[in-house]
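Enquirer: My structure is below; once you've seen it, I'll send some questions.
Derivation of every value follows stated rules applied to the coordinates shown; laboratory data play no part. Please read these numbers as outputs of a predicted model, since none were measured by experiment. Neighbour counts run over all protein chains shown; Cβ positions are idealised from the backbone, glycine included.
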């Protein structure tokens, strides 16, 4: 069966799954592409539902859930090549994910600090992508939330997202952080279409947002100027994983200290989201998906993306091939 046939069959059976919470927009865009309802079954954060066939087309991140459903290490389901995937990049509905951001006010008042932090972080990402096995070991040392084997898998897959764009072109690891205008614009356009806000003022602001309202590439080059603030906190989107390996590498290798910075990495996934924590000044920087930042700014926050780490969407729909034979 073709990917289109698989998508239509799963949709007709109401067996397309996603977690929601802002992760659903690409899936909705994909369903709309094929003229289908944008409804989906809410998934938990395991792959039990596809394992038990209550969902036949399940959302997965290439660096996380896809590895769990395919591999046989601790926590894996060991389906191997029985699993097929439908890639959001190939389908033309990709939205960019992990980026580095702060408030607009912080960037304005601390330009050298932002540049120094971005430079050190991107140096960490460059090294991590060139040495993913070592990066996985470094993250594991800092309190990994997954097994060492899965961490290694994650690192190798995350490196692909950083060094390949949405069209499949190679991106030099030394160019990590750059903002591809076409991919950014598509992300904003899809966000405007699928983010639903009850507040009329927020909805109106969302409709009027431009790229200049959410990002700036002015902080991607650091000339060594004295930092305005040296003690910094960055909050991740989730727990310690190779999804964030560049920051742990930068910390472990001393890249932050080399730029005059004392950095604390704060795990996400708690009561306070990374966008809220940055907005209220609990932390200085955050790591989030671009759609989350767009949503936050529409709601009244004044956040600014200063580096785009992932150059490609890591979201796929996966399925058991045996469920889709003609």
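Enquirer: What number of residues within region 39-54 satisfy the criterion of being surrounded by fewer than 18 Cβ atoms within 10 Å (Cβ to Cβ), part of a loop (DSSP other than H, G, I, E, B) and without any contact (Cβ under 8 Å) to a residue 60 or more places away in the chain?
Expert: Matching residues across region 39-54 total 6.
Enquirer: What single numbered condition from (1) out of contact with any strand residue (DSSP E or B) (no Cβ under 9 Å at 6 or more places or on another chain); (2) touching a residue at least 12 places away in the same chain (Cβ under 8 Å); (3) assigned to a helix (DSSP H, G or I) fails to hold for residue 146?
Expert: Residue 146 satisfies every listed condition except (3).
Enquirer: So is residue 57 crowded, with 21+ Cβ neighbours inside 10 Å and over 18 Å from the mean Cα position of the chain (by Cα) or not?
Expert: Details: crowded, with 21+ Cβ neighbours inside 10 Å: yes; over 18 Å from the mean Cα position of the chain (by Cα): yes.
It is true that residue 57 is crowded, with 21+ Cβ neighbours inside 10 Å and over 18 Å from the mean Cα position of the chain (by Cα).
Enquirer: Restricting to region 212-240, what's the tally of residues that are out of contact with any helix residue (DSSP H, G or I) (no Cβ under 8 Å at 6 or more places or on another chain) and buried (at least 21 other Cβ atoms within 10 Å of the Cβ)?
Expert: Qualifying residue count, region 212-240: 0.
Enquirer: Go through region 276-296 residue by residue and tally those that are touching a strand residue (DSSP E or B) at 6+ places or on another chain (Cβ under 6 Å) and free of Cβ contacts under 8 Å to residues at least 40 places away in the same chain.
Expert: Counting residues in region 276-296 that are touching a strand residue (DSSP E or B) at 6+ places or on another chain (Cβ under 6 Å) and free of Cβ contacts under 8 Å to residues at least 40 places away in the same chain gives 1.
Enquirer: Could you check, for region 97-119, whether at least one of its residues is under 18 Å from the mean Cα position of the chain (by Cα) and assigned to a helix (DSSP H, G or I)? Spell out how you get there, then give the answer.
Expert: Residues of region 97-119 under 18 Å from the mean Cα position of the chain (by Cα): 97-102, 118.
Applying the additional criterion that residues be assigned to a helix (DSSP H, G or I) yields 118.
Yes: region 97-119 contains one or more residues that are under 18 Å from the mean Cα position of the chain (by Cα) and assigned to a helix (DSSP H, G or I).
Enquirer: Here's another thing I want to ask about it. Restricting the search to region 287-303, which residues are outside any helix (DSSP H, G or I) and either within 14 Å of the chain's Cα centre (by Cα) or surrounded by fewer than 24 Cβ atoms within 10 Å (Cβ to Cβ) (or both)?
Expert: Initially, region 287-303 is screened for residues outside any helix (DSSP H, G or I), giving 287-289, 299-303.
Residues satisfying the conditions are 287, 288, 289, 299, 300, 301, 302.
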